[in-house]
Amino acid sequence: MISNKVVFTSIVVLLALLTISEGMSLRSLGMELHCRCIMTESKPIGRHIEKVELIPANSHCEETEIIATLKKTGQQVCLDPNAPWVKRVINIMMSRYVKVIQHTIVYGIFN
C-alpha cells in the first residue's frame with residue numbers, strides 16, 4: 001500500500017508542475033506577469049522609432065506602458081507616458097487608427 005507521504009508528495013509535485021506550466025502558457029500567449037518598463041525615456045527620439053506598442057494598465061502592472069522599437073537596432077525602449085512629445089506620438093497614432101476604422105466601416109474590408 002502507498003504511504004501517505006508518497007501520495008502527499010506526488011500531489012504537491014503535480015500542483016507545482018501545473019502552476020509552472022500555467023505561468024509559461026500565459027507568457028507564450030503574450031501576457032506579461034509584471035511590468036515590462038523599469039526605466040523610461042523622456043527625451044525626444046521620435047525620428048528613430050519604427051513602431052510603438054501601447055500596453056494599458058492591468059492587474060499585473062498599474063502603469064500604462066509605451067514601448068517603442070527603434071528602426072536601426074530593433075531595440076525596445078520604454079517611453080515616459082507623461083512626456084509631451086510621447087503624448088503627441090500617441091495622439092497621432094490614435095487619430096490614424098480612427099481613420100483606418102472609419103475607412104473600413106465606410107468602404108468595407110474587401111474594397
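Every number in this text was worked out from the coordinates using simple rules, so none of it is lab data. Please read these numbers as outputs of a predicted model, since none were measured by experiment. Positions of Cβ are backbone-derived with ideal geometry, glycine not excepted, and every protein chain shown enters the neighbour counts.
Taking the range 51-80 as the search range and keeping residues that are in a strand (DSSP E or B), free of Cβ contacts under 8 Å to residues at least 40 places away in the same chain and not aliphatic (A, V, I, L, M), which one is surrounded by the most Cβ atoms within 10 Å (Cβ to Cβ)?
The initial filter retains those residues of the range 51-80 that are in a strand (DSSP E or B), namely 51-55, 58, 61, 65-70, 76-79.
Adding the requirement that they be free of Cβ contacts under 8 Å to residues at least 40 places away in the same chain leaves 51, 53-55, 58, 61, 65-70, 76-77, 79.
Still in the running and not aliphatic (A, V, I, L, M): 51, 53, 58, 61, 65, 69, 76.
Values: Lys51: 11, Glu53: 12, Asn58: 13, Cys61: 16, Glu65: 19, Thr69: 15, Gln76: 13.
Out of the qualifying residues, it is Glu65.
If the condition is being in a loop (DSSP other than H, G, I, E, B) and surrounded by 11 or more Cβ atoms within 10 Å (Cβ to Cβ), then the range 34-50 contributes Cys35, Arg36, Cys37, Thr40, Ser42, Pro44, Ile45.
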